[in-house]
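S.K.: Take this structure first; my questions come after.
Quick note: the coordinates plus some simple rules give every number you see, no bench work behind them. Everything numeric here is computed off the predicted structure, so don't read it as measured data. Neighbour counts run over all protein chains shown; Cβ positions are idealised from the backbone, glycine included.
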Amino acid sequence: MSAATSAAARTAPAAASAPASVVAASSAEASAADAPAACGPLPVLGRDVTVPLVTGGEVTYAALDYAASAPALQRVWDDVAAYAPYYGSVHRGAGYLSQLSTDLFENARRTVADFLGCRADDQVVFTRSTTDSLNLLAAALPADCQVFVFETEHHASLLPWRDARVTYLDAPRTPAEAVTTLERALAARDPHGPALVCVTGASNVTGELWPVRELAAAAHAHGARIVLDAAQLAPHHPVSVQDLDVDWVAFSGHKLYAPFGAGVLAGRADWLRAADPYLAGGGASRRVTRRTDGGVDVEWHDSAARHEAGSPNVIGAYSIAAACKALTEAGFDALVAREEYLIAKVRAGLAEVPEVRVLSLFGDDAPRVGVISFVVEGWNSSHFAAALSAEYGIGVRDGLFCAHPLVRTLLGSDPGTQGECGAPEAAPGEKSLNAIRVSFGAGTPDEHVERFVTAVRELVREGAKWRYRT
């Protein structure tokens, strides 16, 4: 470390201490019923924002669309604010602030590696998002690679493999069926070429947890590698590359309570080192020289920098690292226990409304994160979501959730004309062509889910107080 970097490290802004409201559970066996006492909601930005209602007055906004973008943790925002005056160009200068920013950027990489339980020789590449991470990996696939992906994936992990030979697997109805379906497909593949399996850790539609460790074992038994889409898993459960035995993991900061548009691809280095840089430019190149014929020769880095050309998003990377630290210090045992308590509260409330059908692949008893999708008999899903917002100040999501094949399978609907993540709406009384999704996490107060359950019950029994158009 240079003298300037050493000096910068000594005066780097210290991370804020864990919020006083966060108390770790005394053991991993903390029950869902005890969760509120074990761990309160973590402070997040926007927790005091009020929104107008069409019926008059205002109410504190209930953000229940965590699966799209979770609100930033106050702790993360405070850490970034403490660093902001020290912001400088990363890897580009000898000045104090540049050295400090470089040090924080590379320390963020190590923090993320620790958070993910990476192997010693794994690389952590900062990207823009989960989508960007998986497209990067797709661009790094060896020639003639076979890819196996379930139709149940989010489009971020369903669509990037356009230049590979792709086998799309039907939606399984149990975790065991997922494993046997993959084993059958891998057994029938060409055993001589490279292969990759892409699987989600938790569904962005149903919230159900997938048998990642078992799928990884199946992949490796047949000579394939596996990448885990942890966009919905990492904010809710600990993720360990080594314990799950996956080759790569991808996730987004904006779902991990970290703003500023950054993501991560972490895992084995060999395919990444062998591939052309994801972007060509400064930072990815170690040496560039002119040839006598007028062209240029380029020697590329073989570190993570190979795929991080251009000035990096240091604030995005630092915010992800801050979120990793905040969640680790809060304690996943306590966070998981409290989320299970909220899940049980929402599911019990929805079960009391006969007109509501919760969507599921694996059944009611399947473990899940705080993501629940449903349809309401006799209701246009977009109208229902609009009423939740306009009349109760509750933000949810309606549509196909960028997982069109999965939602159509769950609804039994045919493809139609739809927008990016939406779908055509059914007429009153007809079968729904899309769904409503409620999602929550570490920053969700009890009152938000209680208000949601009450709102669903009142809308179904009493109808909307306003007229809505699609």
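S.K.: For D302 and T174, what does the FRET efficiency come to when R0 = 35 Å and r is the distance between their Cβ atoms, rounded to the nearest 0.05?
M.R.: With R0 = 35 Å, the Cβ-Cβ based efficiency is 0.25.
S.K.: Compare the Cα positions of A274, L342, V179 along the charge dipole of the chain (+1 at Cβ of Lys, Arg; -1 at Cβ of Asp, Glu; about the Cα centre) and return the one farthest towards the positive end.
M.R.: Checking the options against the dipole of the chain, the answer is A274.
S.K.: Rank-order 347-354, 278-285 by packing density, defined as the average count of other C-beta atoms within 10 Å over each peptide's residues, highest first.
M.R.: 278-285, 347-354
S.K.: For G263, list long-range residues whose amide hydrogen, built 1.01 Å from N in the peptide plane, is under 5 Å from its own amide hydrogen.
M.R.: T127, R128, S129, G253
S.K.: Using the Cα centre as the reference, give the magnitude of the dipole from point charges on the C-beta atoms of region 81-329 (Lys, Arg: +1; Asp, Glu: -1; all else neutral), rounded to the nearest 20 debye.
M.R.: So the dipole magnitude of region 81-329 works out to roughly 560 debye.
S.K.: Which three extents, in angstrom, do the Cα atoms of region 81-329 have along their principal axes, listed largest first?
M.R.: 57, 54, 28
S.K.: Straight-line reach from K345: which aspartates and glutamates fall under 20 Å, measuring Cα to Cα and dropping same-chain residues less than 8 apart?
M.R.: Within the straight-line limit of under 20 Å, K345 reaches these aspartates and glutamates: E29, D34, D65, E208, D333, E355, D364, D365, D446, E447, E450, E458.
S.K.: Now, a different point. Give me the angle, in degrees from 0 to 90, between the Cα long axis of helix 74-83 and the longest principal axis of the Cα atoms of the chain, rounded to the nearest 10.
M.R.: In the chain, helix 74-83 runs at an angle near 30 degrees to the longest axis.
S.K.: Same structure again: So in the chain, what percent of DSSP beta bridges are antiparallel if you round to the nearest 5?
M.R.: Taking every DSSP beta bridge with both residues in the chain, the antiparallel ones total about 60 percent.
S.K.: If you don't mind, there's one more thing I want to ask. Before anything else, pin down the relative contact order of the chain: Cα pairs under 8 Å, at least 6 apart, normalised by residue count, whole percent.
M.R.: In percent, rounded to a whole number, it is 21.
S.K.: Find the centroid of the Cα atoms in region 51-70 and in region 187-201, then give the distance between the two in whole Å.
M.R.: 43
S.K.: Sorting check: for 159-165, 111-117, which peptide has the highest mean count of neighbouring beta carbons within 10 Å, and how do the rest follow?
M.R.: 111-117, 159-165
S.K.: Let me ask something else about it. Just want the answer: with Cβ charges of +1 for Lys and Arg and -1 for Asp and Glu, which residue in V112, A250, V166 is farthest toward the dipole's positive end in region 81-329?
M.R.: V112
S.K.: I need the phi-derived Karplus couplings for region 230-245: 6.51 cos²θ - 1.76 cosθ + 1.60, θ = phi - 60°, integer Hz, Gly and Pro marked x.
M.R.: So the J values, rounded to whole Hz, are 9, 4, 9, 8, 4, x, 10, 9, x, 10, 10, 4, 6, 5, 7, 6.
S.K.: What residues qualify as long-range amide H neighbours of V197, i.e. H under 5 Å apart, gap of 5 or more or another chain, H built at 1.01 Å from N?
M.R.: Residues meeting the amide H criterion: F148, R225, I226, V227.
S.K.: Still on this model: Calculate how steeply helix 130-139 sits against the longest principal axis of the alpha-carbon atoms of the chain, using the helix alpha-carbon long axis, and give the answer as 0 to 90 degrees to the nearest 10.
M.R.: It works out to around 50 degrees.
S.K.: Could I ask something else about it? Using only Cα atoms, find the angle between the long axis of helix 381-392 and the longest principal axis of the chain, and express it within 0 to 90 degrees, rounded to the nearest 10.
M.R.: With both axes taken from Cα atoms, the answer is about 80 degrees.
S.K.: In the P(r) worked out for region 89-196, what percent of Cα pairs fall beyond 22 Å?
M.R.: When every Cα pair of region 89-196 is considered, 53 percent fall beyond 22 Å.
S.K.: Rounding to the nearest 20 debye, state how big the charge dipole of the chain is about its Cα centre with +1 on each Lys and Arg Cβ and -1 on each Asp and Glu Cβ.
M.R.: Roughly 900 debye for the chain.
S.K.: How do the peptides 43-54, 188-199 rank, highest first, by the average count of neighbouring beta carbon atoms within 10 Å per residue?
M.R.: Answer by packing, highest mean first, reads 188-199, 43-54.
S.K.: Over all alpha-carbon pairs in the chain, figure out the percentage whose distance exceeds 42 Å.
M.R.: The share of Cα pairs beyond 42 Å in the chain comes to 19 percent.
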